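First up is the structure itself, then whatever we jot down about it.
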Amino acid sequence: MGGLRPWARYGLLIVAHLLALGLGAAVLQALEGPPARQLQAQLRAELATFQAEYGACLPTGALEELLGTALAAQAHGISSLGNVSKAGNWDLPSALLFTASILTTTGYGHMAPLSAGGKAFCVVYAALGLPASLALVATLRHCLLPLLSCPVAWVAVRWQLTPARAALLQALGLGLLVAGIFVLLPALLLWGLQGDDSLLEAIYFCFGSLSTIGLGDLLPGRGRDLNPVLYHLGQIALLGYLLLGLLAVLLAVETFSELPQVRALVKFFGSSGPLTAEDQGGILGQDELALSTLPPSTAAPEQAPAC
């Protein structure tokens, strides 16, 4: 494949991406089609039963009109189900969570502005806030990544690892750390607090939040029957979880993207030239990881470099 022209490589990449899209769509269609049809049939049966029992008391089309109004309100995060007098949609904790979902591009969809002014403000707020958020994340990444690389630098010197193996060790270690602290532990906590959610659903929510997918089919739209104080504390906790978790995920993604194997793959599709020393060295060739003190393979080190 090294002899392929650049246009052929780009075409191969596009075809592989389209095949991945088609495969994902086919799998989801096979998995989700039967449950969706079953739920639709159940809903129609429930409506037929209701109309058979109470249809004589309702004007024609009144039920459909009521359901349409309720569904339209639900699309903006407003519901008349349960006890809704305790927690409003646009109180301060809810508004903070909504702004965080904008700046982190999570977009749960559990709330949406109703007024024209609110929609215009969201456009301006996102246009100004997203670049500022990216700049903040880049600054924090630049400060935190060298600190996280210090243990790996010590292990690399101690075990005489090559830069490529040390880079792989750092990427795997950081990935497992992020998965454990920001996916598994919060999922276990949600599983314990939400009795109606399974562990898989809790993991699904955590992963969807940190990957900024935010499908909105699970939390935070639910929980209105909780005590208002607990509900607002949960919203504030979710706000902090989004900010810290996304930073940790970006650090992990940055670490994996600088692996020599990943850089070689990008180099294959991006250029037909030979790999440079920077591409082969990966993140451990960068000054921010401070591994320039690695001794030759023939000399055994006595101490780790200071971080």
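Summary table
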quantity	calculated
Lone unmet requirement of (1) within 29 Å of Gly109 (Cα to Cα); (2) in contact with a Leu (Cβ under 8 Å, 6 or more places away or on another chain); (3) surrounded by 16 or more Cβ atoms within 10 Å (Cβ to Cβ) for Leu199	(3)
Residues within region 149-172 that are assigned to a helix (DSSP H, G or I) and either surrounded by 18 or more Cβ atoms within 10 Å (Cβ to Cβ) or charged (D, E, K, R) (or both), tallied	13
Residue in region 8-23 that is open to solvent by less than 100 Å² (accessible area, probe 1.4 Å), farther than 30 Å from Lys267 by Cβ and modelled with pLDDT of 80 or more present	no
Failed item, numbered, when Val124 is tested on (1) without any contact (Cβ under 8 Å) to a residue 12 or more places away in the chain; (2) buried (at least 16 other Cβ atoms within 10 Å of the Cβ); (3) β-branched (Val, Ile, Thr)	(2)
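Yes or no, residue by residue, for (1) of a type in the set (Phe, Trp, Tyr); (2) at pLDDT 80 or above; (3) in contact with a Ser or Thr (Cβ under 7 Å, 6 or more places away or on another chain); (4) buried (at least 20 other Cβ atoms within 10 Å of the Cβ):
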position	(1), (2), (3), (4)
Leu250	no, yes, no, no
Glu254	no, yes, no, no
Arg263	no, yes, no, yes
Ser271	no, no, no, no
Leu275	no, no, no, no
Gly282	no, no, no, yes
Glu288	no, no, no, no
Leu291	no, no, no, yes
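The values are calculated or read from the model by the stated rules, or taken from the named source; none is laboratory data. As the structure is a computational prediction, the values presented were derived from the model and not from experiment. Don't worry about glycine lacking a Cβ; one is built from the backbone with ideal geometry, like all the others, and counts go over all protein chains shown. Heads up: the accessible areas ignore ligands, DNA and RNA and are worked out on the full protein's heavy atoms, side chains in. Shrake-Rupley method; radii C 1.70, N 1.55, O 1.52, S 1.80 Å.
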